[in-house]
1. Any idea how far apart ALA263 and SER74 come out in nm if each label point goes 7 Å out from Cα toward Cβ?
2. What is the distance, in nm, between label points placed 7 Å from the Cα along the Cα-to-Cβ direction at HIS62 and at ALA131?
3. To the nearest 20 Debye, how big is the dipole of the stretch 225-276 about its Cα centre, given +1 on the beta carbon of each Lys and Arg and -1 on that of each Asp and Glu?
4. Considering the Cα positions of the stretch 115-233, please state its Rg to one decimal place and its Dmax as a whole number of Å.
5. Could you rank the peptides 244-257, 78-91 by their average count of other C-beta atoms within 10 Å per residue, with the highest value first?
6. List every residue whose amide H lies under 5 Å from the amide H of ARG120, counting only residues 5 or more places away in sequence or on a different chain, with H placed 1.01 Å from N in the peptide plane.
7. For the stretch 157-206, just say rounded, prolate or oblate: build the C-alpha gyration tensor, square-root its eigenvalues into a ≥ b ≥ c, call rounded for a/c under 1.5, and beyond that prolate if a/b exceeds b/c, oblate if not.
8. Compute a Gaussian network model of the chain, connecting alpha carbons closer than 10 Å, and tell me which residue from ALA77, ALA233, ALA121 fluctuates the most.
Amino acid sequence: MKYDTKWDIFHDEAMNSEFAAQGYQILTIDNFDVLNELLAVYNETSLNYNAGFTATLLVPDHSHRKLIHEKVASILAPTIKRYFKSYRQMCCGYAVKKGNDVNSYMPLHQDISMAKPEGRAGLSFWFPLVATDKENGNLQLVPKSHLFYRHERAAGTSFPLLEQEEKLREHYLKPIPTKLGQAIVFDQTLFHASPPNMSEKDRVVATNVLLPEEKPTFYYHRKVETTPVELEAYKVEDDFYFSHQLGTRPKDLEAIENFKEHAPKKDTSLFPKLMI
């Protein structure tokens, strides 16, 4: 299925054109007060991030999720307004890889859907609070992959080219090391991964899910008891994700739509289109 996707994301039209073609953009955040404030907030609550890889949305303490979102969103608000055209901060937090931990590895995946695929794209904002490289787990992207699999995704939805991951890694996966003060924003459908953090220090990243102001928030649940697997779509408030466990069915909401989950693909016909 093809979706009517619009790339009206940034105030800068050149950035919009590059994002439409590649699926990501590197930003320079030259105000180091922002970085230091984000690091101070993390240091106050770092005990919540003690696994190989931990993200704020995976922390069981719901009050922590909400508090971190509010603090991070407040710090990042001027930056978001500076670069983005009518996007709201839907879900802010941290993504942390513990130092010298092979379990901090992240396989190729797409982020879960938090809005309908039509219209302007949902975005992932990734702002490392340290310089990143292959040793401490820099982001790795497959440029142009946002153009192919824009279907709805829930927690547990399979990576669409799982059987081809080795070939994707060998020929198309691009490491994106960052200097201090650089952020990466990418389409939520873009294929991405990261190696384990084998350095001595934790790799701390401030994260932010950005949704267009005009689009409502959705939660998708996998009905694994059906064959084939179906997705249930729930229209939710933005704060829904602060108190809900990903992968579980909402208890007090009714699904507004049910549909067959997009099946993983085994063909490699898109590979020539990913040449970078």
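1. According to this spin-label approximation, the distance is 5.1 nm.
2. For the pair HIS62/ALA131, the computed spacing is 4.3 nm.
3. So the dipole magnitude of the stretch 225-276 works out to roughly 440 debye.
4. 16.1, 47
5. Per-residue Cβ counts within 10 Å, averaged per peptide and sorted highest first, yield 78-91, 244-257.
6. Amide H to amide H, under 5 Å and 5 or more residues apart or across chains, ARG120 pairs with LYS6.
7. Prolate shape, in that a/c is at least 1.5 and a/b is the bigger ratio.
8. Judging by the Gaussian network model, the answer is ALA77.
Any read-out appearing in this document is the output of simple, stated calculations on the displayed coordinates, not a laboratory observation. What you see is a predicted model, and the numbers here were worked out from it, not measured in a lab. No Cβ is skipped: glycine too gets one built from the backbone with ideal geometry, and neighbour counts run over all protein chains shown.
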